[in-house]
Structure formats: C-alpha cells, structure tokens
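Trainee: Take this structure, written in structure tokens, and hold onto it; I'll ask about it next.
The values are calculated or read from the model by the stated rules, or taken from the named source; none is laboratory data. None of these values were measured; they are calculated from a predicted model. Please note: Cβ atoms are built from the backbone with ideal geometry, for glycine as well, and neighbour counts cover all protein chains shown. Side chains included, ligands, DNA and RNA excluded: accessible areas come from the protein's heavy atoms. Shrake-Rupley method; radii C 1.70, N 1.55, O 1.52, S 1.80 Å.
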Amino acid sequence: MAAEKALALVVRTTDWSETSRICTLWTRELGKVRGLAKGGRRLKSNFEVALDLLTVCSIVLLRKSSGGLDLLTEAQVVERFPRLRTDLPALYAAYYIAELLAEWTEDYDPHPALFDEALAALRELGQDPGRTGPRLARFELVLLRELGYRPVLENCTTCGASLDGAKLAFSAAAGGVLCSQCQPGQRERRPLSAAAWQTLRALSESGEAWQRDWPATVRGEVRQVLSHYVTYLLGRRPRLLPYLGS
Ligand SMILES: [Zn+2]
C-alpha cells in the first residue's frame, strides 16, 4: 500500500457499517477515488465533518495495490460553501455537479482543470439568482470539454459550413450544431435559436460570460439543450436534472 496525499471534493458518501462509510472523492491529483473511512460516522469527529458532501478536504489515502477499497486515513476541512445552504437552486446545481463528477469520471483519471472549475462553480453559485443557470452551464461545458465531448458550436458539426444563426439545430448524436442543409440527414436533432446558439458559444469560450445578463428565455433553452446532450451522452437522465432551474 502506498500513501497518497490529495486535495479532494466529497461528491458522494455511503454508509458502510455502523461506524464507517465509503466516500467518493473528486481529487485534483488523482481524479476520482473511492475510499473507506473507518470511524467516519463517529459523531462530531473532525474526520467525520471533513467527509460531508460538497466539502473540500485534504486527504491521505492508502491505495490498495490489487482490488479492494482504498483506505482513507486522514481528512481535514479546507473549504466549505455555506452560501449553498441558503439558496435552494444553487444547492441543487451543486448536487448535480457532484453527481456528474461521481458518475461520469473514471477512477484515477485526473483532470486538474475540471477540479478547479468545479470549485470555482461551487464558490460562485448562488451569488446572483439569475446567474445560477449560466454558471452551471459553464461548468457543464468545461466538463464536456475535459471528457472529450465538447459540442461543436462554431461551424456545422457535419459539413463544417460556417453558420449565420438562421435555421440552426442541435444534435446530440452528431455532437453539435447542424446547418440547415445537414439537418434532413440527422433525425436526432432539435431546433436551436440564434440567441441560444450565441449564448452557448459565449459560455463555452469564456469563463466570464456567465456573469452577463442573459434573458430568461435564452437561459431556459440553454438548459434544455445541455440537459438533452448530457442525458444522451450519459445514457440516462441524471437524478438531479428535474430540479435544475435556468
Ligand atoms: Zn452542414
């Protein structure tokens, strides 16, 4: 067994026994890890508090060499996100982030940029009610890029033609936006307004664009497109999806 230190976001916890639990952690150094926390359910221990959902902690992990569960031996709180507890849409968005990280990433496949983006999103969610949706959309676009599913938004994803915003469609199966000429050849598609297309492009290209004042109708359409695309790629609807606002 080798001891490894990492900075971790707790994305899931499951009771294992009366005193222990299994934690799924999204770490900056190691990617996703699952570790058994013995004594992790003891009341009021520092170890227990550090392993609460959506807490950032520094951990020491004893990595099993073959099969078996890794063992968490230390966990100390580094950061919490108290604003989430007072803003329900932001809290649901945060749970959704945890769900995607827990279920869509591979064990021991680190993506430091995605780790940093997740923490930034958790800090910024709930700052402004009208921006929770765009902030979450920015996280999803970074996640999609990191996992190799960045939607093609600049040109037609099938023929490469440049787009002027007229008669666009988004196809999850094709992985992006379709020009009007390519739409008949792809049954899996949905209409995409020029405004939602511009918004998706802005959110994809810039880490600041979520702070702009996006109209509610456009936010709603962006939510629908991303929900559809994530569900298509994941093969099922994420549990938190019905609770997300725009
Ligand atoms: Zn085309």
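Trainee: How many nm separate the modelled label positions at Asp128 and Glu188, each set 7 Å beyond the Cα in the direction of the Cβ?
Mentor: Once both label points are built, they end up 3.6 nm from each other.
Trainee: Here's a follow-up. So for the pair Gln211, Leu234, with labels modelled 7 Å out along Cα→Cβ, what separation do we get in nm?
Mentor: About 2.9 nm, to one decimal.
Trainee: When the accessible area of segment 1-102 is split by element with a 1.4 Å probe, what percent falls to carbon and sulfur?
Mentor: 50
Trainee: With runs of 4+ DSSP H residues as the only contributors, calculate the mean residue ellipticity of the chain at 222 nm using -39,500 (n - 2.57) per run, divided by the residue total and rounded to the nearest 500.
Mentor: -10500 deg cm²/dmol
Trainee: Oh, and also: Once label points are set 7 Å from the Cα along Cα→Cβ at both Ser17 and Lys5, what is their separation, rounded to one decimal in nm?
Mentor: Placing both labels 7 Å along Cα→Cβ, they lie 2.9 nm apart.
Trainee: Could you provide, to the nearest whole Å², the per residue accessible area of segment 196-246 with probe 1.4 Å?
Mentor: Roughly 50 Å² per residue, with all protein chains present.
Trainee: A follow-up question, please. Can you work out the accessible area per residue across segment 24-103, with the rest of the protein chains kept in place, probe 1.4 Å, in square angstrom?
Mentor: Ligands and nucleic acids excluded, the result is 46 Å² per residue.
Trainee: Within 15 Å, Cβ to Cβ, of Pro151, how many net charges do the neighbouring residues add up to if Lys/Arg are +1 and Asp/Glu are -1?
Mentor: Charge balance near Pro151 sits at +1.
Trainee: Run the dipole for segment 6-77 about the Cα centre, Lys and Arg Cβ at +1, Asp and Glu Cβ at -1, nothing else charged, and hand back the magnitude in debye, nearest 20.
Mentor: 120
Trainee: Report, ordered by chain and residue number, the aspartates and glutamates lying within cross-link reach of Lys38, taken as a straight Cα distance under 20 Å and ignoring same-chain residues fewer than 8 apart.
Mentor: Correct list for Lys38: Glu4, Asp15, Glu18, Glu48, Asp52, Asp70, Glu74.
Trainee: Which one of Leu7, Leu71, Ser20 has its Cα pushed farthest toward the positive end of the charge dipole of the chain, where Lys and Arg give +1 and Asp and Glu give -1 at the Cβ?
Mentor: The listed residue farthest towards the positive side: Ser20.
Trainee: Would you mind telling me the share, in percent, of accessible area of segment 139-246 contributed by carbon and sulfur at probe 1.4 angstrom?
Mentor: Carbon with sulfur: 46 percent of the solvent-accessible area.
Trainee: So, one more: Quick query: amide H of Thr13 versus all other amide H atoms, modeled in the peptide plane; which residues come in under 5 Å with a sequence gap of 5 or more or a different chain?
Mentor: Hits under the 5 Å cutoff: Thr24.
Trainee: Show me 225-234, 169-178 ranked by packing, highest mean number of other Cβ atoms within 10 Å first.
Mentor: Highest mean packing first, the order is 169-178, 225-234.
Trainee: Explain nothing, just the number: dipole magnitude of the chain about its Cα centre with +1 on each Lys and Arg Cβ and -1 on each Asp and Glu Cβ, in debye rounded to the nearest 20.
Mentor: For this selection, approximately 500 debye.
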